[in-house]
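Everything on this sheet refers to the single structure shown next.
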Amino acid sequence: MKESIKHVIVIGGGFAGINFIKQLEKDNRFLITLVDRNNYHFFPPLIYQVAAAFIESSNISYPFRRLFREKPRVRFHMGELKRIDPTSKRVETTTGTLAYDYLVLAMGTGTNYFGFNNIAKYAMPMKTLDDAMNLRNHILLRMECAVRATDPAERDKAMNVVIAGGGPTGVELAGILAEMGREILNKEYPELTDIKSHLYIVNSAPVLLPPMSRKAQQEAYDVLEKLGAKIILNTKVIDYVDNNVVLSSGEAIPADTLIWTSGVTAVRVEGIPPEAITHGGRIQVDAFNQVVETDSVFALGDQCFSMHDANYRFGHPQVAQAAIQQGKLLGKNLPRLIDDKPMKPFVYRDKGTMAIISKYRAVVDLPRGFLRGGIAWISWLFVHIIPLISFRNKFALAMNWAWSFVTNDPTLRLILRPEKKERRQ
Ligand SMILES: Cc1cc2nc3c(=O)[nH]c(=O)nc-3n(C[C@H](O)[C@H](O)[C@H](O)COP(=O)(O)OP(=O)(O)OC[C@H]3O[C@@H](n4cnc5c(N)ncnc54)[C@H](O)[C@@H]3O)c2cc1C
């Protein structure tokens, strides 16, 4: 490598990492290596539709090597980060050690089980494409058990699904599962005669969608209730014992499926100074996303925490837009840094929050207003198709949606992979 070329290692090819790379690769003074444990970029906001067998996983994912095909200054290294050594400027991964001039950490978050061991062991998380495919297979397998069950209690247990967490992921998942259940159960499972709702959503807060407006919260409640979901508020899921979901109220719901959407924690990085780790395991950065107490190490997106933005003194929300905007800005700031020009501080621009609750029903909180119903649903479709990484994905998703929404009959309900996680049934 020529002396003047700076080697930048990016760990994590999510929203932040990819937007950073797209910006920086325009500058030929940098060679960039992306390290990721997967060989593809994916779009987390739609994984729940993969889990519900509504869309294909390939609609919302794209291989990194294909993405970098015509980018001579970008390399891909598949592996998981083990530790960083800021002194020798090296990172150790499960597949080798690499040296850097600048390091960018953009590894997002993992699931937080808040120390509930049984839940960590037996509940199904909803963070990755693997999680979504596991859940899809699991629910389909449980349905096959339900049709074979002769004991009504066993059958109910196989069909019951409890979602822990009433944030956007929990609500969107509840909506699609309730709707798919209504559309598909009576057509494809004729053995099940007394069909009733088997879907529970449990939230510790007194409302659904706590980060959104009251109108959005009420709309989510009304739509899900109408779809037959049983909504339990002001209550926590605190244990999962012999396939019984134990609630803080003392009640237990027999259910073979517990989906955990309740919390996240930033991915830990060995080698980061302990004083740089703060709320939720997030890494403290300055106004330019540089990790405090380090030299040449930056952190972006869900994994970082900044108190330097006047409107967000308690950190930015862990959402796609914050990650995208930080990635783009750092991609512009690094060239300024090597040119000895002042870097620009990060200022988050809130573009609004949205959630889809069911077919044709969504809620959108804008900085100045609120949308619901069909118009919100159309906006939701556009906002979720535009950031997809390639035209192929946008087109495939549009086709997939058109088929699934119009016919109510996606045909993806194939049990394709054995479950990896140890389960009790
Ligand atoms: C189910 C779900 C629904 C969501 N819905 C919305 C929504 O509707 N709107 C919204 O704004 N936000 C939503 N979010 C949040 C949004 O996805 C995140 O804020 C965003 O993805 C953060 O981007 P990031 O680049 O920081 O991390 P991520 O996008 O999570 O990317 C992290 C990358 O790091 C890689 N990685 C992780 N650990 C390692 C390791 N040890 N070694 C190597 N690579 C590693 C991962 O494979 C991944 O590619 C949702 C999240 C989830 C999980």
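Structure notes:
- Solvent-accessible heavy-atom area per residue, rounded to whole Å², over the stretch 117-262 at 1.4 Å: 41 Å²
- Comparing mean-square fluctuations of GLU92, GLU275, GLU56 from a GNM of the chain with C-alpha springs under 10 Å, the top value falls on GLU275.
- Simple spin-label estimate for ALA287 and ASP222 in nanometres, 7 Å along Cα-Cβ: 4.5 nm
- Spatially proximal lysines relative to LYS344 (Cα-Cα < 30 Å; intrachain offsets below 8 disregarded): LYS2, LYS6, LYS22, LYS26, LYS71, LYS89, LYS328, LYS332
- Pairs of Lys residues in the stretch 146-279 that lie 8 or more places apart, or on two chains, and have C-alpha atoms under 22 angstrom apart add up to 10.
- The stretch 117-262 gives an Rg/Rh value of 0.95, both radii derived from C-alpha positions and Rh following Kirkwood.
- Distance (nanometres) between label positions extended 7 Å along Cα→Cβ at LYS351 and SER88: 4.2 nm
- Accessible carbon and sulfur surface of the chain relative to its total accessible area, %, 1.4 Å: 53 percent
- VAL264 long-range amide H proximity, modeled H, under 5 Å: ASN112
- Theoretical ellipticity at 222 nm over the chain - DSSP helices of four or more residues, -39500 (n - 2.57) apiece, nearest 500: -10000 deg cm²/dmol
- Over the chain - Rg/Rh using Cα atoms and the Kirkwood inverse-distance radius: 0.98
The values are calculated or read from the model by the stated rules, or taken from the named source; none is laboratory data. The model shown is predicted, which means the values in this text are computed figures rather than measured ones. Reconstructed Cβ throughout: ideal geometry from the backbone, glycine too, with neighbour counts over all protein chains shown. Side chains are part of the model used for accessible areas, which takes the heavy atoms of the whole protein and leaves out ligands, DNA and RNA. Shrake-Rupley method; radii C 1.70, N 1.55, O 1.52, S 1.80 Å.
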